[in-house]
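Engineer: What follows is a structure written as structure tokens; I'll ask about it next.
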Amino acid sequence: MTELRDFTSTKSDVQNTYSLQHSSMTMDAVARSQKKWSGSQIIMTIKNALELLETFVDESDPDVDTENVYHAFQTAESIRKSNTNLDWFPLVGLIHDLGKVMSVWGEPQWLVVGDTFPVGCKFDKSIVFSESFGDNPDTHDERYNTKFGIYDEHCGLDNLTMSWGHDEYMYRVLRRNNATIPNEGMNMIRYHSFYPWHTSNAYRHLTDEYDETITKKWVNEFNKHDLYSKADDVIDKQKMEELWKEVYEPLCVKYNIGGELMW
Ligand code: FE
Ligand code: FE
């Protein structure tokens with residue numbers, strides 16, 4: 001198996017997406033996106049979102065160049081095959097990237113995909129392509145360019161304003177629709193792309209004890225499946241349909257996301 005997350009000899013799309021993201025992801029840009037999407041009136045089901053991802057390829061991902069729906073089922077099935085006794089865990093695998101539908105609706109990929117990081121404080125060197133933050137206006141704004149920026153020491157992950165993308169959006173969609181997935185699962189969705197924290201251990205001056213023990217453990221557990229299932233065999237359309245009917249549709253119902261949701 002070749003190395004995953006190798007950004008050195010990577011597709012030009014990957015680099016372009018990150019450089020656009022890093023030069024444009026400001027406190028203001030995040031606030032605008034939060035406002036825009038919290039007022040969105042789009043109504044559809046989880047199944048509709050999966051179908052939309054049949055047309056979507058993530059330009060920031062050096063490891064995947066197939067439509068995202070395959071990655072959804074590969075991640076979910078990798079978790080299910082790990083014999084977890086937590087039935088919501090495979091469901092989290094299936095839906096973790098559904099926030100990428102924003103892109104199908106016209107949002108540029110820099111506001112949808114890629115690794116995430118907090119805004120409102122200094123951008124950490126461990127972020128991939130961190131040199132491209134030189135062009136970000138917040139890098140030159142003294143309210144935001146210090147170690148703590150607008151935050152208090154150990155304020156906790158949930159008090160950070162994260163860069164806008166599919167993680168934060170999907171988390172908000174689930175909250176907005178009163179999903180009953182346990183907190184561990186909600187946090188997997190919200191922070192799965194926060195590689196600078198969960199893999200590089202940056203930003204520990206801002207996280208709290210709970211983040212560093214419980215949340216990090218679960219996010220890293222999730223991450224194994226998110227990352228390493230990308231090398232697994234692709235699941236064909238008919239199999240996906242069967243899995244949906246037999247396994248995932250009933251789980252959506254159980255966790256209160258079985259019907260039409262507001263996106
Ligand atoms: Fe993702
Ligand atoms: Fe993913």
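Engineer: Take the residues of the range 225-239 that are within 16 Å of ligand 2 (Cβ to nearest atom) and not small (Gly, Ala, Ser): which is surrounded by the most Cβ atoms within 10 Å (Cβ to Cβ)?
Structural biologist: Among residues in the range 225-239 that are within 16 Å of ligand 2 (Cβ to nearest atom) and not small (Gly, Ala, Ser), the one surrounded by the most Cβ atoms within 10 Å (Cβ to Cβ) is His225.
Engineer: Scan the range 105-148 for residues that are among the small types (Gly, Ala, Ser) and loosely packed, with under 13 Cβ neighbours inside 10 Å and jot them down.
Structural biologist: Gly106, Gly134
Engineer: Are any residues in the range 161-219 closer than 25 Å to Asp138 by Cβ, surrounded by fewer than 18 Cβ atoms within 10 Å (Cβ to Cβ) and not basic (Lys, Arg), and if so, which ones?
Structural biologist: Selection gives Thr161, Thr199, Ser200, Asn201, His205, Asp208.
Engineer: Just to be sure I understand, how many residues within the range 232-252 are at pLDDT 95 or above and outside any helix (DSSP H, G or I)?
Structural biologist: The number of residues fulfilling the criteria is 0.
Engineer: Restricting attention to the range 50-105, which residues are assigned to a loop (DSSP other than H, G, I, E, B), in contact with a His (Cβ under 9 Å, 6 or more places away or on another chain) and of a type outside the set (Asp, Glu)?
Structural biologist: Val64, Ser82, His96
Engineer: Find all pairs meeting these conditions: Cβ atoms under 9 angstrom apart; at least six residues apart or on different chains; first residue within the range 218-238 and over 13 Å from Thr199 (Cβ atoms) and within 14 Å of ligand 1 (Cβ to nearest atom); second residue among the hydroxyl-bearing types (Ser, Thr, Tyr) and not in a helix (DSSP H, G or I).
Structural biologist: The qualifying pairs are His225/Ser82.
Engineer: When you go through Asp158, Asp61, Asp141 one by one, which is the residue that is acidic (Asp, Glu) and within 12 Å of ligand 1 (Cβ to nearest atom)?
Structural biologist: Just one listed residue meets the conditions, Asp61.
Engineer: Collect the residues in the range 106-134 that are of a type in the set (S, T, N, Q) and not in a helix (DSSP H, G or I), keeping them in residue-number order.
Structural biologist: Correct list: Thr116, Ser126.
Rundown of residues vs (1) farther than 24 Å from Leu111 by Cβ; (2) at pLDDT below 95; (3) in contact with a Leu (Cβ under 6 Å, 6 or more places away or on another chain); (4) within 16 Å of ligand 2 (Cβ to nearest atom), yes/no style:
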position	(1), (2), (3), (4)
Gly165	no, no, no, yes
Tyr169	no, no, no, yes
Asn183	yes, no, no, no
Tyr203	no, no, no, no
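One line per residue, one yes/no per condition, for (1) farther than 22 Å from Val234 by Cα; (2) surrounded by fewer than 16 Cβ atoms within 10 Å (Cβ to Cβ); (3) free of Cβ contacts under 8 Å to residues at least 24 places away in the same chain; (4) within 15 Å of ligand 1 (Cβ to nearest atom):
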residue: Glu3; (1), (2), (3), (4): no, yes, yes, no
residue: Thr17; (1), (2), (3), (4): yes, no, no, yes
residue: Met27; (1), (2), (3), (4): yes, no, no, no
residue: Trp37; (1), (2), (3), (4): yes, no, no, no
residue: His71; (1), (2), (3), (4): no, no, no, yes
residue: Lys81; (1), (2), (3), (4): no, yes, yes, no
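Engineer: Is there a residue in the range 30-43 that is among the aromatic types (Phe, Trp, Tyr), within 18 Å of the chain's Cα centre (by Cα) and farther than 23 Å from Asn220 by Cβ?
Structural biologist: Taking every residue of the range 30-43 in turn, at least one turns out to be among the aromatic types (Phe, Trp, Tyr), within 18 Å of the chain's Cα centre (by Cα) and farther than 23 Å from Asn220 by Cβ.
The values are calculated or read from the model by the stated rules, or taken from the named source; none is laboratory data. Keep in mind that this is a model prediction, so the values were computed, not measured. So basically every Cβ, Gly included, is an ideal-geometry build from the backbone, and we count neighbours across all protein chains shown.
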